[in-house]
Amino acid sequence: MAKANDLTNGKVSSLILKFYFPMLLTNMLQQMYNIADTAIVGKGLGDNALAAVGNMSSLTFLIFGFSMGLANGFSVIVAQSFGAKDYSKLRRSVASSAMLCFIIALVLSAVSIIFLRPVLGLLRTDAAIMHDGLVYGYFIFGGLIATIAYNLCSCILRALGDSKTPFIAIIISTIVNICLDMLCIFVLKTGVEGAAIATIFSQIVSAFICWLRIRRIDVLNITKEDFKGNGSLYAELFKNGLPMALMNSITAVGCMVIQYFVNGLGVAYTTAYSACSKFINLFMQPACTAGFAMSAFTSQNYGARKFSRIREGLHVCLAIATISYVILGSVMIFFPTYLARIMVSGSEPVKIAGTYLPICGIFLFAVDFLFVFRNGCQGFGKPLVPMISGIAEMALRIGVIALFINVIGFRATAYAEASAWIGALILNMASFEHTLNKSLRTSVIHHKKLRTAA
């Protein structure tokens with residue numbers, strides 16, 4: 001049997017960095033195979049196929065983001081139980097999370113498939129890419145249970161301090177994904193459904209690898225008793241998971257509105273926006289990973305009531321986010337056309353991307369710091385403010401693009417993103433500081449009372 005990784009004892013920086021780097025490589029590889037998907041589709045099937053797959057990104061973010069938010073929320077309870085050494089609750093939390101995610105996966109898959117066509121119509125999807133978008137979407141949403149299974153298993157492992165197993169799983173699934181992509185598209189000539197099938201199969205592989213690891217963890221010797229219904233635990237899981245899920249979905253709605261305006265400009269803009277989105281998602285990953293590390297570290301230490309360590313963890317994660325911004329923000333600012341040419345063929349989409357990436361590169365610091373503070377808030381088990389910040393993000397995105405799209409054109413999409421990042425950062429930063437300072441004061445008062453009683 002294997003042991004979980006305790007983040008409540010030891011040198012903070014060493015623990016976080018040891019946890020961070022395997023997870024960073026995991027997330028970067030995941031984004032790289034998303035980019036490989038996009039590049040293979042673009043080069044193998046043309047810019048219209050690329051636009052069709054890219055046009056689905058906001059919709060898949062709506063569904064996948066909801067399920068990922070639930071998994072992250074559930075894993076906070078898992079991490080807090082582990083930090084508090086309440087292993088009975090830990091096992092019941094994992095078992096209950098698995099049951100809930102299975103049911104939710106079936107419901108989301110059915111709803112997504114039923115409403116795919118009307119939603120693509122509402123997004124003003126061009127007729128030239130509608131068929132490929134539908135085909136790709138039906139396959140992706142049909143295999144949603146594989147994606148949710150991987151998300152839950154990887155979140156549970158990270159909550160227990162294991163970032164290496166998801167890394168191994170992604171290495172293997174990335175190789176599988178790229179090989180299947182090339183086989184389906186270049187050899188079997190399957191079209192966009194080949195990319196979808198490759199993605200689904202690779203998710204099954206990664207979920208299976210993570211599940212094998214979970215079975216071997218000593219404190220997770222789950223029995224049939226742990227699967228018995230527990231209303232109060234279900235309520236606690238949903239109380240923490242649902243706001244995170246809604247936050248992601250609300251953010252996705254704002255992105256869908258952006259997609260609506262972009263689609264109205266023409267297929268060349270849809271293609272450029274798709275390529276830009278892939279790169280931004282990739283370049284967010286170092287800071288996003290710092291946020292995941294912050295969540296796991298905060299959850300365990302909050303459960304153990306070691307609040308001063310959380311402040312130390314914040315400083316380490318913010319330092320990582322700062323380094324990420326300086327390096328990757330500079331690449332976006334100074335080399336936008338080189339990036340665009342990796343994925344798109346036409347000169348017009350490359351030129352359009354060159355007006356978007358530098359603006360987002362300048363403001364990338366805001367979303368990098370946002371990941372750290374928002375995940376810290378979630379690690380406290382206080383998901384309400386992150387959800388409210390998701391509403392603020394949506395309002396800012398919609399407001400900015402609606403006001404300025406007819407004034408400055410496509411660049412309005414970049415300013416809409418930047419304003420959303422800054423607004424959400426301010427809210428989450430204030431909430432994190434308030435919660436941590438309150439916890440520290442309460443801890444000091446508690447220790448004073450104990451000394452007085454002694």
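How would you rank 196-205, 375-384, 270-279, highest first, on the average number of other Cβ atoms within 10 Å across their residues?
So the order, starting with the most tightly packed, is 270-279, 375-384, 196-205.
Suppose all protein chains stay in the model; what accessible area per residue would a 1.4 Å probe give for the stretch 134-175, in Å²?
Here the per-residue accessible area is 26 Å².
Using 0.36 nm per residue, how much length does the chain from E193 to R305 gain when fully extended, once their Cα-Cα distance is taken away?
35.4 nm
With a point put 7 Å past each Cα toward its Cβ, work out how far I327 is from N437 in nm, to one decimal.
3.4
For W211, what accessible area in Å² do you get when you roll a 1.4 Å probe over the heavy atoms of the protein chains, rounding to the nearest 10?
About 110 Å², ignoring ligands and nucleic acids.
Sort 436-442, 312-318 by the packing proxy (mean of other Cβ within 10 Å over each peptide's residues), most packed first.
In decreasing order of mean packing, 436-442, 312-318 become 312-318, 436-442.
Can you tell me the relative contact order of the stretch 1-124? Whole percent, Cα pairs under 8 Å, sequence separation 6 or more.
Computed value for the stretch 1-124: 18 percent relative contact order.
Could you look at the chain and say what percent of its accessible area is carbon and sulfur, using a 1.4 Å probe and all protein chains?
Using a 1.4 Å probe with all protein chains present, the chain comes out at 69 percent carbon and sulfur.
Could you tell me the accessible area of I426 in Å² (1.4 Å probe, neighbours in place), rounded to the nearest ten?
110
Once you sort the root eigenvalues of the Cα gyration tensor of the stretch 194-319 as a ≥ b ≥ c, which label holds: rounded (a/c under 1.5), prolate (a/b larger than b/c) or oblate (the other case)?
prolate
Would you mind calculating the relative contact order of the stretch 325-454 from Cα pairs under 8 angstrom and at least 6 residues apart, reporting the percent as a whole number?
After rounding, I find 26 percent.
Could you list the trypsin sites (Lys or Arg not before Pro) in the stretch 203-262 that lie in coil according to DSSP, counting only those with at most 15 other Cβ atoms within 10 Å of their Cβ?
K228
In sequence order, what are the phi-derived ³J(HN,Hα) couplings for the stretch 93-100 according to the Karplus relation 6.51 cos²θ - 1.76 cosθ + 1.60 with θ = phi - 60°, rounded to whole Hz, with x for glycine and proline?
Taking θ as phi minus 60°, the curve returns 5, 5, 5, 5, 4, 5, 5, 5 Hz for the stretch 93-100.
Might you report the magnitude of the Cβ-based charge dipole of the stretch 290-397 about its Cα centre, with Lys and Arg at +1 and Asp and Glu at -1, to the nearest 20 debye?
Dipole of the stretch 290-397, to the nearest 20 debye: 340 debye.
Once you wrap a convex hull around the alpha carbon atoms of the stretch 353-413, what is its projected area averaged over all directions, in nm²?
Its average projected convex-hull area is 4.5 nm².
Shape of the stretch 311-357 from its Cα gyration tensor (a ≥ b ≥ c, root eigenvalues): rounded if a/c is under 1.5, otherwise prolate when a/b > b/c, or oblate?
prolate
Before I look further, what does the stretch 247-306 give for accessible area per residue, probe 1.4 Å, in whole square angstrom?
I get 22 Å² per residue for the stretch 247-306.
Taking 21 Å as the cut-off for C-alpha to C-alpha distance, list the pairs among K11/K306; K306/K382; K278/K351; K278/K382; K11/K164; K85/K438 that go past it.
Pairs exceeding 21 Å: K278/K382; K85/K438.
Name the shape class, rounded, prolate or oblate, that the alpha-carbon gyration tensor gives for the stretch 191-232, where a ≥ b ≥ c are the square roots of its eigenvalues, rounded holds for a/c under 1.5, and otherwise prolate holds if a/b is larger than b/c and oblate otherwise.
oblate
Between M23, G313, Y138, whose Cα lies farthest towards the positive end of the dipole of the chain when Lys and Arg beta carbons carry +1 and Asp and Glu beta carbons carry -1, centred on the Cα centre?
The residue sitting farthest along the positive end of the dipole is G313.
List the residues, sorted by chain then number, that are 5 or more residues from I217 or on another chain and whose placed amide H is less than 5 Å from its amide H.
A2
Once the Cα atoms of helix 347-362 and of the chain are each reduced to a long axis, what angle between those two axes, in degrees from 0 to 90 to the nearest 10, is obtained?
In the chain, helix 347-362 runs at an angle near 30 degrees to the longest axis.
Between I113 and I408, how many nm apart are label points set 7 Å from Cα along the C-beta direction?
It is 4.4 nm.
Can you pull the accessible area of F369 for me, 1.4 Å probe, Å² to the nearest 10?
Estimated to the nearest 10 Å², F369 gives 50 Å².
In 20 Å bins starting at 0, how do the alpha-carbon pair distances of the chain split up by percent?
Pair shares across the bins are 25, 58, 15, 1.
Report the relative contact order of the stretch 56-162, percent, no decimals, based on alpha-carbon pairs under 8 angstrom and at least 6 residues apart.
Across the stretch 56-162, relative contact order equals 44 percent.
How much accessible area per residue does the stretch 10-121 have, counting only protein heavy atoms and a probe of 1.4 Å, in square angstrom?
Counting only protein heavy atoms, the per-residue value for the stretch 10-121 is 35 Å².
Can you tell me the 0 to 90 degree angle between the C-alpha axis of helix 127-142 and the longest principal axis of the chain, rounded to 10?
Tilt relative to the chain: about 30 degrees.
What Cys residues in the chain are without a partner cysteine, judged by a Cβ distance under 4.7 Å?
Isolated Cys, the chain: C101, C155, C179, C184, C255, C276, C288, C317, C360, C377.
Quick one: if you stick a label point 7 Å off each Cα along the C-beta vector at K228 and V135, how many nm between them?
That separation, rounded to one decimal, is 5.2 nm.
Go ahead and estimate [θ] at 222 nm for the chain from helices alone: -39,500 (n - 2.57) per DSSP H run with n ≥ 4, summed, over the residue count, rounded to 500.
Rounded to the nearest 500, it is -29500 deg cm²/dmol.
The values are calculated or read from the model by the stated rules, or taken from the named source; none is laboratory data. Since we're looking at a predicted model, the values are computed, not measured. Every residue, glycine among them, receives a Cβ derived from its backbone with ideal geometry; neighbour counts consider all protein chains shown. These accessible areas exclude ligands, DNA and RNA; they are computed on the full protein's heavy atoms, side chains included. Shrake-Rupley method; radii C 1.70, N 1.55, O 1.52, S 1.80 Å.
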